[in-house]
Structures are given as C-alpha cells and as structure tokens.
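The values are calculated or read from the model by the stated rules, or taken from the named source; none is laboratory data. Everything quoted here is computed from the prediction, not taken from an experiment. Note that each Cβ is placed from the backbone with ideal geometry, even for glycine, and that neighbours are counted across all protein chains shown. Areas reflect the complete protein model, heavy atoms only, side chains present, ligands, DNA and RNA absent. Shrake-Rupley method; radii C 1.70, N 1.55, O 1.52, S 1.80 Å.
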Amino acid sequence: MTSYEPLADPGADPVYDVVVLAGGGARRLGGADKPGVRVGGRALLDRVLAACAGARTTVVVADPRPTARPVTWAREDPPGGGPLAALDAGLRQVTARYVLVVSADLPFLQEATVRLLLTVLRTGGADGVLLTDADGRDQPLVAVYRSHSLRHEFGVLTKEHGTLTGLPLRRLTAVLDLTRVPDPVASFDCDTWDDIATARARIREHGHVLDEWISAVKDELGIDLDVDTGVLLDLARDAAHGVARPAAPLTTFLVGYAAAQAGGGPEAVAEASRKAVALALRWADEDAAAPDGAPDARPDAG
C-alpha cells in the first residue's frame, strides 16, 4: 500500500514532487531531440531540472538520457500515448501532497516561480495553480496540483474512456478548479526554432547574461550554492585596479578554494571575499602612499 505525505507544518516550505514530461515528438522542431537542445550552454531538460531542485522526488517521463541531476525515469504504455497518459505514468512514482507538473522546454522557469505556485496552492482551496502566458492562455504544463485531485480525475476518465491514451490534456483541466497566475517569462516554451532563437538571444542580454552564466557554471560543476555575484565582482575589480589586471581571476579562484577549505557555503565565500578585498585595498594604499620621486629601495632594484 502506498503511503502519502502527511500534512506539513503551515510555516514550512511545502514538500513537493515533480513530474517532467519530456517524451513528446517535437514535430514543430522537425523531430529534433527537444529536451537536449541547448540554451545558454545547457540542455532544456537540465534547465527545467535546476528550477525543480527543491523537489523531494523528480520523475521524468521519457526514455532515459544523461542529466545534470539525478531523476527517476518513467514511461507511458504505449510510448507516445499523449500528455494525460504520460502524466499518469509519472504520477504513479510520486507520493507528495503537491506535484509540480512541467514540460521539458521551459528555458526561463525559476525556483522562485515554483515556490510561488506552491504557496498560492497551499494557501487556497483550488485543485491546482497554473501559469498563463503572454496572451493570457492557460499553461497546464507549468503548474502545481494537489496529487489526490489528479488521481481522482484520472480514475474518472479511465472509467469513462477505458484508457488515458490519446486523450487531450483539456479533458483533465476542464474539470479541475484552477487558480491562474500570469507570468509571460516563466511560461515561455520552445515549440519552434524561432522560439529557441528568442530564448538564446534573451539570456545574452545585458541584464541576464551574468546570472545565466553563473547558473550554467554551477550546473556544469555540480555546485549548489547561492553566489553573491556583486561581492565577487567587487573583489575582482579591487584586485585588478589595486594590484594588477591578471590578479582578478586568480584572486577569485583562491577565494573559492579558501571557502571550500572552510566548509563551503555562502558565509564562507563572503568571509574569504572580505579578507581578500581588505588585502587588495591595503595593497593599493601602499602604492598611493609612496611619494612622487622617491628612490626605488626594492632589494632587486640594483
């Protein structure tokens, strides 16, 4: 008998599982491997998995492939049976009270959006909370649902039709009580190559490129750490201006190494950065204090 998550502390972050639907045919991409298409150096699927890092169980409904994060694989029977059959296959692998349901083609989904959806659902009485896109259309594959509501409706639909295979997603969403949250960015999905080009261009815009790059590097290196980019950029500036330009990357590397030696974590990075900034400023102060025309007294000055 399957056991399900008991009621959580109302003040705590809710426990949730996630089901990622990644087994579609990508016909509008000419049959390309859409979950593996890269945006900002990362596969679309890996970008979605990063946004769901807080999930207790992560289920991907698709044929297995390498991923940046560990997942449980599931598949509808027969494969290609449509989104309802795929969601049912994924739902059989989860036990949390809340389930995040997403497609694998959401380049701008963020953990903050996931937390918002969970909060709205937990504090309301609806069966689910979904995003709407720039045109106000429902996006049921960027949503959090009450697991028991999905299971109940799947039972009803199976009894009525004999199978979930081939049924459109609207057969489910039409009978659920849903709350809608507008978010044209997080709901943006990549159905065409033009969509892919738009996503790639957006992450290279000045206001996004650093955050995107840091996220990509953390995923590539397997680091799960909140990085204060402002502190590190200030450190690099002080090292470059107060010491020498090549000192900037070397100093930030040494700060990272020191933070790791101290046990890691944001506090260790902040403390190592503080020490390195203070050193760079002391170094620069010595140059500023040297009087013009003073003889060179270095031991190797000849």
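Numbers below:
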| item | result |
| --- | --- |
| Lysines with Cα under 27 Å of K34, excluding same-chain neighbours fewer than 8 positions away | K218 |
| Ellipticity estimate at 222 nm from DSSP helix runs (n ≥ 4, -39,500 (n - 2.57)) divided over the chain, nearest 500 | -13000 deg cm²/dmol |
| Helix axis angle, 229-242 relative to the chain longest principal axis, alpha carbon, degrees | 20 |
| Radius of gyration and Dmax over the Cα atoms of the chain, both given in Å | 24.9, 95 |
| 0 to 90° range, to nearest 10: angle between helix 193-203 axis and the chain longest Cα axis | 40 |
| Segment 170-228: trypsin sites (Lys or Arg not before Pro) falling in loop per DSSP and having at most 15 other Cβ within 10 Å | R204 |
| Segment 17-62, accessible surface, carbon-and-sulfur percent (1.4 angstrom probe) | 43 |
| Whole-angstrom Cα spans of segment 200-255 along principal axes, big to small | 36, 25, 16 |
| Accessible-area value, W73, 1.4 Å probe, nucleic acids and ligands omitted, Å² | 70 |
| For L210, net neighbour charge (Lys/Arg +1, Asp/Glu -1) across residues whose Cβ lies under 13 Å away | -2 |
| With all protein chains modelled, accessible area of D219 [1.4 Å, Å²] | 30 |
| Per residue value of the accessible surface for the chain (all protein chains in place, 1.4 Å probe), Å² | 56 |
| Relative contact order (%) - the chain, alpha-carbon pairs under 8 angstrom, separation at least six | 16 |
| Stretchable slack from R92 to A32, in nm (0.36 nm times residue separation minus alpha-carbon distance) | 18.8 nm |
